Amino acid sequence: MKKYSKLIVLTVVMLVAWTVFYVHAHQITDSFVRFSIKTIEGDESLIEHVVIRGDMSSSNFTYEPFVLTKDGTTFMRETSFIERISDYHKSEKVKQLQLKHRQFMRGKNVNSDNYATTDDKIVYADFIYSKFNFDPEKVKIETLDKNTNEKKTAVIDNPELNTFAYIEKVIAYDEGVYVAVENYLDTDYETDMNEITWNIYHYEFSRGTFDEPIVVSLGKIPSYNNITQFFVDDENDPKEMIVLAGLIDYAVPEDEASGFPSYEEEIVSEYINLSAIKKVDLKTGNVTDINMETDQNGIPVGYNGKELLFIERNAAGLHYHAYDIETKKTTTIVSLPLEGAIVSYWDFSEPIQDGRLIYTLLNSEYGDNKMILVIDEKEKELVYKGAIEPDRLIENRNGDEMIVYFNEMEIVD
Amino acid sequence: MKNYLKLLNFEINRFSKLYFLMLAIIFSVQLISVFYHIFSYLAFVKMETKGGRMTPEQFLAEHFPFGLSNVFYTRGFLIPILIGVVGLILYVFFIWYRDWMARNTFIYRLLMLPTSRMNIFYAKLSAIMLFVLTTVGIQLIFLVLYKKIIEWFIPVVYRDDLSITMAVVTSPYLNTIVPAHLSSFFVAYGLGLAAVIVVFTAILFERSFQLVGILYGLLYAVFSFVLFSLPLVVQLLMFETLYLYADEMFILMTAIVIGIIVVSLLTSRYLLNHKVSV
């Protein structure tokens, strides 16, 4: 036995060290804060398909992404090896499509903006790039009939897009599909302004051809702080489209000599400066300007065919407003007190439309105002309000505050 | 099995002096580095807070607290690990060549043993894997010591008490040798095992065919690497994107690695039994 002592010692040391380490590593998420969605008012079933992606960190050295659903929090390190190596951060919607339609989804872009689904079809849009420069040479649309598994492809040969062009939304309905592309024409590096158009391509399934694209010019918008939004009146039968551009701006302080404003003062001075609102008639291609004759706006969240919907935050709380394009009148749909918390316009994630419901995720970095709000754009009422709550105080072992971000929300089937 | 264990024990004993010397160098350099950084940090804290210029809270608002993670990013910690890695890579070659190159051609005796010659191969392979895994295992044990030292010297107010496991799994450098998940451990060290087997086969080519054997060995290693990378390269060349899903890629690449291991072992057996000469 003594002859084998070195071999035995090395083997025992190796086995003990690695075993203890992996037993600990397996339990590491037990020390993490977990979140859940607590319904405050409204129909709880509305969040059944909500998926929120977030991440948390406690110092420069720790970072852990997670997914939050109505069933609770799942950390990345709790998922399988295959899930971890197959682009964990990709959209849940794309993950589901990949699971259900493996052949169709093979080799495709994982950006959820490139996809649209109807009861019968999956529609995918993407660019085909030129071999000689970085400009998109073609726009390709692929459709899959879910019932027959029949796949069709259509291509626009010369979309006249520049290098920086992005598919922002694909809207599929029974007869066809719209592909909305944000196209950067020119950048003025001295003023940091971009000249932007939104090009809208329409493809009709029965004809099998594309119409001439509708080009909506949004003029020049700043490279930073900008917001561009795009809404249709009815996703199942779109007739009109609204394209908005603007920025989150800051009011000049009354006393400029007082130096840099504090974080709180900066947030209070935020306002939404909408530079362009265009209404597009999808049948005729006519583009008309909408001049909002009110400063009671906010982050644009939806369009119900008659009114533009905004969410505004001010000292009194959060307010959903509806601006009637015809009568130019603003009505406040709902007001929610915020109990003295600081909420910035940057704390709102991209609004999500699911039929007539508009989901807003408020992710305030400070305080406990992390919530999900759902409004019905037709009835103009708040149908759900839920808070995202931690299961314990959000702090690490040293008592330092942990930074938690809820980055993105999705509605999955 | 008994013969294999005897040979493995023999390989361990032969390298043990050098191995323990290497461990002594790695961990004494790391230990000195840990002390150096602890005392540098304490001196910095003292300088900044001297005469009540700063409270601990004010200091921590501007600077990081001190913890294991601070040590992980220092040269005094990483270079010894690199020394260990290089040492063990060299040992992959040394473990074969010393049998030929030593004053007495020891390989004679090894090849004449009344046991399968592949036992020599497996013993050398196991010795290397055991040394690698034990070195990293001892590194994990030493982290416990470093953490204790930090706790002894750094006042709690300035300390980042991140657990060892958390500090390891969130460190990009240590994560390379200590994968955060058991599944990743098997993948990473499985690939390492396959690489060592391929290198062993290449060495046996060289030992079997001398000068031209170097070419055969190199070609074999390159061929194995190309075969392993083929699924990735073909997809990117043909489709300019990953056409296969991650699970399919994993199955395919696992099959390729197993194939490479089997072919390497069969080739090595053939070379050891029929071609290797003293």
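No lab work stands behind these numbers, since they all come straight from the coordinates. All values reported here derive from a predicted model rather than from experimental measurement. When we count neighbours, we look across all protein chains shown, and the Cβ atoms used for this are built from the backbone with ideal geometry, even at glycine.
Report, in whole Å, the centroid distance computed from the Cα atoms of the stretch A:54-106 and the stretch A:236-309.
Using only Cα atoms to place each centre, the spacing works out to 33 Å.
What is the mean number of Cβ atoms from other protein chains located within 10 Å of the Cβ atom of each residue in peptide A:3-16, rounded to a whole number?
Numbers: counts 4, 6, 3, 7, 11, 2, 3, 11, 6, 2, 7, 11, 3, 3.
Shielding by partners across A:3-16 averages 6.
What is the helix-to-structure angle for B:118-153, meaning the angle in degrees between its Cα long axis and the longest Cα principal axis of chain B, kept from 0 to 90 and rounded to the nearest 10?
In chain B, helix B:118-153 runs at an angle near 0 degrees to the longest axis.
Connecting C-alpha atoms closer than 10 Å in a GNM of chain B, tell me which of B:Lys50, B:Lys17, B:Lys124 has the biggest fluctuation.
Highest fluctuation of the listed residues: B:Lys50.
In the stretch B:170-278, which GluC sites (Glu not before Pro) fall in coil by DSSP and have 14 or fewer other Cβ atoms within 10 Å?
Details: sites: B:Glu206, B:Glu240, B:Glu248; in loops: B:Glu240.
Hits after loop and neighbour filter: B:Glu240.
Roughly speaking, what is the centre-to-centre gap between the stretch B:131-173 and the stretch A:168-201 when only Cα atoms are used, to the nearest Å?
51 Å
Which FRET efficiency value, to the nearest 0.05, do you get for A:Thr74 and A:Thr294 by plugging their Cβ-Cβ distance into 1/(1 + (r/R0)^6) with R0 = 56 Å? Spell out each step's value before the answer.
Details: r = 44 Å, r/R0 = 0.78.
The value I calculate is 0.80.
Would you tally the net charge around A:Asn114, using a Cβ to Cβ cut-off of less than 11 Å, leaving A:Asn114 out, and scoring K and R as +1, D and E as -1?
Working: positive: A:Lys93, A:Lys108, A:Lys140, A:Lys169; negative: A:Asp113, A:Asp126, A:Glu142, A:Glu168.
Local net charge: 0.
Using the Karplus curve 6.51 cos²θ - 1.76 cosθ + 1.60 with θ = phi - 60°, what ³J(HN,Hα) values do you get for each residue of the stretch A:202-217, in whole Hz, with x for Gly and Pro?
After applying 6.51 cos²θ - 1.76 cosθ + 1.60, I find 10, 10, 9, 4, 5, 7, x, 10, 9, 7, 4, x, 8, 10, 10, 8 Hz.
With angles folded into 0 to 90 degrees, how steeply does helix B:2-49 sit against the dominant principal axis of chain B? Use alpha carbons for both and round to 10.
20 degrees
Taking the Cα atoms only, what angle lies between the long axis of helix A:5-26 and the longest principal axis of chain A, rounded to 10 degrees?
Compared with the principal axis, the helix lies near 40 degrees.
For peptide B:128-135, what's the mean number of Cβ atoms from other chains within 10 Å of each residue's Cβ? Each step should come with its number before you reach the end.
On the way: counts 0, 1, 4, 2, 1, 7, 9, 3.
Going residue by residue through B:128-135 and averaging, the value is 3.
Quick one: of A:Lys100/A:Lys152; A:Lys121/A:Lys279; A:Lys329/A:Lys380, which pairs are farther than 23 Å apart, Cα to Cα?
Checking Cα-Cα distances, A:Lys121/A:Lys279 exceed 23 Å.
Across the stretch B:179-278, how large is the tail of the calculated P(r) beyond 18 Å, expressed as a percent of all Cα pairs? Mind showing how you got there, number by number?
On the way: 2696 of 4950 pairs.
Tail fraction, whole percent: 54.
Can you give the FRET efficiency for B:Asn3 and A:Tyr63, using 1/(1 + (r/R0)^6), R0 = 45 Å, r = Cβ-Cβ distance, to the nearest 0.05? Working shown, then result.
Working: r = 50 Å, r/R0 = 1.10.
So, using R0 = 45 Å, E works out to roughly 0.35.
Across the stretch B:83-92, in residue order, what do the Karplus-derived ³J(HN,Hα) couplings come to in whole Hz, using 6.51 cos²θ - 1.76 cosθ + 1.60 with θ = phi - 60° and x for Gly and Pro?
Values, residue by residue: 4, x, 4, 4, x, 6, 5, 4, 5, 4 Hz.
Normalise the Cα radius of gyration of chain A by 2.2 N^0.38 Å (N = residues in it) and let me know the number. Each step should come with its number before you reach the end.
Working: Rg = 24.8 Å, N = 413, 2.2 N^0.38 = 21.7 Å.
Ratio of Rg to 2.2 N^0.38 Å for chain A: 1.14.
Can you give the net charge of the other residues whose Cβ lies under 12 Å from the Cβ of A:Tyr345, counting K and R as +1 and D and E as -1?
Values: positive: A:Arg313; negative: A:Asp249, A:Glu266, A:Glu270, A:Glu312, A:Asp347.
Net charge in that neighbourhood comes out at -4.
Please list 3J(HN,Hα) in residue order for the stretch B:50-62, calculated via the Karplus relation 6.51 cos²θ - 1.76 cosθ + 1.60 where θ = phi - 60°; whole Hz, with x for glycine and proline.
Each residue of the stretch B:50-62 in turn: 4, x, x, 4, 9, 7, x, 5, 5, 4, 6, 6, 9 Hz.
Give me the net charge of B:Lys275's neighbourhood, meaning all other residues with Cβ under 15 Å from the Cβ of B:Lys275; Lys, Arg count +1, Asp, Glu -1.
Local net charge: +2.
Would you tell me the mean number of C-beta atoms belonging to other protein chains that fall within 10 Å of each C-beta in B:177-189, as a whole number? Working shown, then result.
On the way: counts 0, 5, 2, 7, 9, 8, 5, 3, 4, 1, 2, 0, 1.
So the per-residue partner count for this stretch is 4.
I need the calculated FRET efficiency for the pair B:Trp152 and B:Phe225, taking r as the beta carbon distance and R₀ as 35 Å, to the nearest 0.05.
Values: r = 47 Å, r/R0 = 1.35.
For B:Trp152 and B:Phe225, the calculated efficiency is 0.15.
If packing is taken as the average number of other Cβ atoms within 10 Å across a peptide's residues, how do B:144-150, A:343-349 rank, most packed first?
A:343-349, B:144-150
Principal axis lengths of the stretch B:1-175 from Cα atoms, whole Å, largest first?
77, 29, 24
Sequence-distant or interchain residues sharing an amide H contact under 5 Å with A:Lys380, placed H: which?
So A:Lys380 has HN proximity to no qualifying residue.
Alpha carbon centre of the stretch B:204-258 versus the stretch B:1-35: separation in Å?
32 Å
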